[in-house]
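Novice: Here it is, the structure in full.
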Amino acid sequence: MSDILILNGRLVDPANGIDAPRDLLLRNGRVAAVESPGTLRGVEAAETIDAAGLIVAPGLIDVHVHLREPGQTYKETIATGTAAAAAGGFTTVVAMPNTVPVNDTAAKLEWMLDATRNPAVKLFAMPAATIGSMGVELTDFDALRKAGAVGFTDDGKPVLEDHVMLAALVAAARAEVPVSQHAEDTRLTGGCSMNAGAVAFRLGLRGMPVEAESSIVERDIRLLRDIESKEGLRPHLHVQHVSTARAMEAIRAAKREGLHVTCEVAPHHFTLTDEAIGDYDTHAKMNPPLRVESDRAAMVAALVDGTADCIATDHAPHAAHEKEQEFERAPNGITGLETALGLALRVLHRGQGLSLSRIVSLMSAAPAQIVSLAGRGSLAKGHFADIVIFDAGATWTYDAKTTRSRSRNTPFDGAEMRGRVKATICEGRIVYRGN
Amino acid sequence: MTETARTQSARYATGSLLSIRDLSVEDVSAILGLTARLQTMHPAERSAILAGRRVALLFYESSTRTRTSFELAAKSLGATTTLVSDKSSSIEKGESLKDTGLTLRALGAECIILRHPASGAPFVLARETGLPVLNAGDGMHEHPSQALLDLRTILTRLHGESSATSVSAASLQGVTVVITGDILHSRVARSNALLLPRLGARVILCGPEKLLPKEALGLGPGVEIERDFDRALKRAQVAMMLRIQKERLAGLELDLADYIDRYQLNAERQAACAPKALVMHPGPMIRGLEIAGDVADGPNSAIEEQVAHGLAVRSALLVRALGKSVTV
């Protein structure tokens with residue numbers, strides 16, 4: 001593997017407390033040197049990148065993507081989804097298990113993680129917590145852990161039954177990985193296609209109440225408490241795509257109590273409200289749904305005060321013909337890998353004054369820690385050479401037609417973005433070059 | 001409101017009527033004027049207006065009044081109509097709304113009248129076909145032509161025939177309309193509550209919490225909620241009754257005897273609270289449930305006139321959709 005020199009950039013590496021000019025040398029897929037400007041002058045390298053005026057940061061990590069392979073490759077493949085990831089500055093993604101068939105055995109997990117799937121960036125996966133994600137019988141956590149599972153989830157669906165979730169948390173604690181929960185009490189959301197409230201009433205759509213999310217988060221927190229006191233284990237609950245102020249408040253309290261809870265917020269939930277549905281725009285339909293302004297503001301506040309641990313996209317590609325339907329019939333989900341950084345910088349950095357270092361942390365160091373990825377999420381010497389180089393000040397407009405994803409279902413087509421990715425490097429290979 | 005109007009004009013064919021919010025007060029006034037003009041026209045003259053034009057009626061839900069009145073309206077204007085229903089077409093085989101619309105367009109349809117159980121379906125059809133689409137009722141969302149015919153009925157009965165030819169923001173000043181019943185599932189209630197206050201009316205929504213959530217107040221200014229039917233009726237110049245939509249209740253449980261006791265418009269209640277109020281119902285009505293038969297048939301009832309106004313107003317909407325100018 002050829003050496004790469006990155007000169008004249010501003011290194012933002014929150015895990016190591018660095019926000020300063022640094023030059024980097026990448027060798028054999030690893031970070032070989034991080035030095036003050038000028039020190040590496042004269043080092044021979046196959047490629048030298050001039051990062052003057054640019055941010056050099058750990059490659060972004062997304063703990064929540066849907067890559068649709070196997071089974072729905074007309075929406076996305078591992079190759080196309082990870083190419084979109086690379087274009088968005090991501091060097092690592094974690095694939096959800098709701099493929100067809102569901103990723104619930106070691107053999108399926110190994111097939112997904114096989115190099116012949118041609119991922120453009122580093123791929124990890126969370127297999128199903130229950131067989132077929134049916135919420136009844138746990139999958140083989142030990143075998144799946146050995147095959148590379150970084151957590152367990154029935155994403156797209158909740159683990160609804162108390163005793164099943166309890167068993168999953170216990171088994172995951174023993175395997176030292178999190179259970180990643182899609183918090184939705186589906187008994188309260190049947191037939192619903194958006195957030196409950198005034199907009200849903202006006203549009204004549206059935207709405208999902210806030211309690212459908214918060215009640216499951218509260219239940220899971222009670223289970224954590226029970227397990228800690230009775231089993232002597234310390235399970236890790238990761239709450240996916242938190243969308244309501246109420247669920248976030250429950251997480252805040254649980255953290256204060258000392259329980260091991262982490263959570264993610266999706267860019268659409270800190271950027272948009274249910275007003276974005278407009279006249280039934282199915283590109284604003286996802287689950288959990290866009291909520292009201294006070295919820296959006298609570299997501300921003302949680303990212304600012306640290307209650308929200310990371311940003312995750314819930315990248316969920318769907319074909320055009322699936323979204324060109326009656327709102328209630330269209331599937332949930334939007335693409336997000338190419339717009340996450342642009343929205344985080346626009347809404348949180350420029351809009352809320354959150355530091356670049358915090359944003360980089362929310363999108364690299366923090367998610368790496370949640371799923372315990374050794375050697376990723378920071379750029380210390382010896383770590384993987386996973387790097388994103390971006391122009392933090394650049395303003396641009398997202399054009400869905402240019403996407404690397406196989407699908408274009410985004411509410412951000414034509415939206416203003418802040419911060420342009422110039423290069424993405426994964427384990428020392430340049431996997432994306434921007435202009 | 002203005003933002004909606006702007007996006008509408010950019011994304012949907014002129015003449016579409018997808019939501020009552022698409023129409024400004026001036027638009028409503030023009031539609032009423034056109035309605036009146038078409039009514040006074042000689043039938044032979046009227047039947048030349050849309051001669052040779054093709055109108056498709058696409059119905060995914062059953063309908064008596066709306067379908068028949070749109071069809072008769074189109075025919076009286078000389079247009080050719082075709083009816084496609086979900087039960088006797090390729091829709092049954094799984095054809096999408098988009099493809100059904102594109103097929104109708106390929107067959108020469110110049111305007112599609114759509115009734116659909118999914119809220120927002122007319123927006124999909126209008127976006128995908130580029131044709132003018134008239135919303136003939138979409139799920140729990142809206143029924144804009146019903147609101148227009150209700151408006152014409154109210155104007156005619158309260159202010160006389162001649163007053164129904166134009167409106168302004170003050171036309172219904174001092175008029176209180178009580179809409180009672182299954183507001184949650186009612187597209188008629190939404191369209192009326194979005195239209196009537198813009199013409200100066202006060203709209204009181206009345207019904208139990210289960211059928212009338214407080215979010216209904218978000219429909220806009222000029223709308224209020226009153227749970228006590230008698231109290232609401234005492235303020236009413238117009239009492240609009242709605243059917244309980246059993247097909248949309250989706251597991252919601254309702255004590256019908258209690259409902260009848262609290263919300264049925266019957267002769268005693270009418271005499272005690274609103275002896276002069278105009279009685280309206282968009283149909284279909286269930287006599288003995290939300291309304292007593294003798295009230296529906298009584299002298300204050302405008303229910304059959306509503307149907308007649310439907311034919312007239314829908315004629316105007318078709319002329320508008322197909323871009324014909326008629327001298328008013």
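The values are calculated or read from the model by the stated rules, or taken from the named source; none is laboratory data. Quick caveat, the model's predicted, so the values are computed rather than measured. Backbone-built Cβ (ideal geometry, glycine too); neighbour counts: all protein chains shown.
Novice: What number of residues within region B:6-22 are assigned to a helix (DSSP H, G or I) and either at pLDDT 95 or above or surrounded by 14 or more Cβ atoms within 10 Å (Cβ to Cβ) (or both)? Before you say what the answer is, go through the steps one by one.
Specialist: Within region B:6-22, the subset assigned to a helix (DSSP H, G or I) is B:6-11, B:20-22.
So of that shortlist, the ones also either at pLDDT 95 or above or surrounded by 14 or more Cβ atoms within 10 Å (Cβ to Cβ) (or both) come out as B:8, B:11, B:20-22.
Looking only at that region, the number is 5.
Novice: Which numbered condition in (1) surrounded by fewer than 20 Cβ atoms within 10 Å (Cβ to Cβ); (2) more than 14 Å from chain B (Cβ to nearest Cβ) is the only one that A:P178 fails?
Specialist: Of the numbered conditions (1) surrounded by fewer than 20 Cβ atoms within 10 Å (Cβ to Cβ); (2) more than 14 Å from chain B (Cβ to nearest Cβ), the odd one out for A:P178 is (1).
Yes/no matrix, rows are residues, columns are (1) hydrophobic (A, V, I, L, M, F, W, C); (2) within 28 Å of A:C310 (Cα to Cα):
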{"residue": "A:A33", "(1), (2)": "yes, yes"}
{"residue": "A:S36", "(1), (2)": "no, no"}
{"residue": "A:I49", "(1), (2)": "yes, no"}
{"residue": "A:A57", "(1), (2)": "yes, yes"}
{"residue": "A:H64", "(1), (2)": "no, yes"}
{"residue": "A:Y74", "(1), (2)": "no, no"}
{"residue": "A:T77", "(1), (2)": "no, yes"}
{"residue": "A:T82", "(1), (2)": "no, yes"}
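Novice: Now for a different question. Does A:I389 fit the bill of being of a type outside the set (D, E, K, R) and touching a Lys or Arg at 6+ places or on another chain (Cβ under 8 Å)? Full working, then the answer.
Specialist: Working: of a type outside the set (D, E, K, R): yes; touching a Lys or Arg at 6+ places or on another chain (Cβ under 8 Å): yes.
So A:I389 passes the test.
Novice: Here's a follow-up. How many of the residues in region B:213-227 are away from chain A (no Cβ under 14 Å) and not in a loop (DSSP other than H, G, I, E, B)?
Specialist: Quick first cut of region B:213-227, residues away from chain A (no Cβ under 14 Å) only: B:222, B:224, B:226-227.
In the following step, the residues that additionally are not in a loop (DSSP other than H, G, I, E, B) were identified as B:224, B:226.
Of the residues in region B:213-227, 2 are away from chain A (no Cβ under 14 Å) and not in a loop (DSSP other than H, G, I, E, B).
Novice: When you scan region B:202-209, do you find a residue that is in the same structural domain as B:V279 (by TED's automatic domain parsing), of a type in the set (V, I, T) and part of a helix (DSSP H, G or I), even just one? Walk me through how you get there before you give the answer.
Specialist: First, the residues of region B:202-209 that are in the same structural domain as B:V279 (by TED's automatic domain parsing): B:202-209.
Going one step further and asking which of them are of a type in the set (V, I, T), we end up with B:203-204.
Going one step further and asking which of them are part of a helix (DSSP H, G or I), we end up with none.
No: region B:202-209 contains no residue that is in the same structural domain as B:V279 (by TED's automatic domain parsing), of a type in the set (V, I, T) and part of a helix (DSSP H, G or I).
Novice: Can you list the helices (runs of 4 or more DSSP H) lying wholly within region A:319-406 that have 3 or more residues being of a type outside the set (K, R) and over 18 Å from A:F90 (Cβ atoms)? Let's see the steps before the verdict.
Specialist: Details: elements: A:320-323, A:340-343, A:356-360, A:366-370.
In region A:319-406, the matching helices (runs of 4 or more DSSP H) lie at A:320-323.
Novice: Could you check A:R291 against (1) in contact (Cβ under 8 Å) with a residue 60 or more places away in the chain; (2) in a strand (DSSP E or B); (3) within 24 Å of A:G353 (Cβ to Cβ) and say which number it fails?
Specialist: (2)
Novice: Of all residues in region A:40-94, count the ones that are over 27 Å from A:R358 (Cβ atoms) and of a type in the set (S, T, Y).
Specialist: 5
Novice: While we're looking at this one, here's another question. Kindly evaluate B:S171 against the criterion of being buried (at least 18 other Cβ atoms within 10 Å of the Cβ), of a type in the set (G, A, S) and away from chain A (no Cβ under 12 Å). Quick ask: steps written out before the conclusion?
Specialist: Numbers: buried (at least 18 other Cβ atoms within 10 Å of the Cβ): yes; of a type in the set (G, A, S): yes; away from chain A (no Cβ under 12 Å): yes.
Answer is yes for this residue.
Novice: All but one of (1) within 23 Å of the chain's Cα centre (by Cα); (2) of a type outside the set (A, V, I, L, M); (3) more than 14 Å from every other protein chain (Cβ to nearest Cβ); (4) surrounded by fewer than 23 Cβ atoms within 10 Å (Cβ to Cβ) hold for B:D230; state the number of the condition that does not hold.
Specialist: (1)
Novice: Still on this model: Restricting the search to region A:114-167, which residues are in contact (Cβ under 8 Å) with a residue 40 or more places away in the chain and among the hydroxyl-bearing types (S, T, Y)?
Specialist: A:T153
Novice: Now a separate question. So, of the residues in region A:305-352 that are on the phi > 0 side of the Ramachandran plot and touching a residue at least 24 places away in the same chain (Cβ under 8 Å), which turns out to be surrounded by the most Cβ atoms within 10 Å (Cβ to Cβ)? Steps first, answer last, please.
Specialist: Here is the first cut: in region A:305-352, the residues on the phi > 0 side of the Ramachandran plot are A:306, A:314, A:333.
Keeping just the survivors that are touching a residue at least 24 places away in the same chain (Cβ under 8 Å) gives A:314, A:333.
Working: A:D314: 29, A:G333: 23.
Within region A:305-352, the match that is surrounded by the most Cβ atoms within 10 Å (Cβ to Cβ) is A:D314.
Novice: Filter region B:129-159 down to the residues that are under 19 Å from B:I31 (Cα atoms) and not in a helix (DSSP H, G or I), then identify the one that is nearest to the other protein chains (Cβ to nearest Cβ).
Specialist: Only one residue fits best here, namely B:E142.
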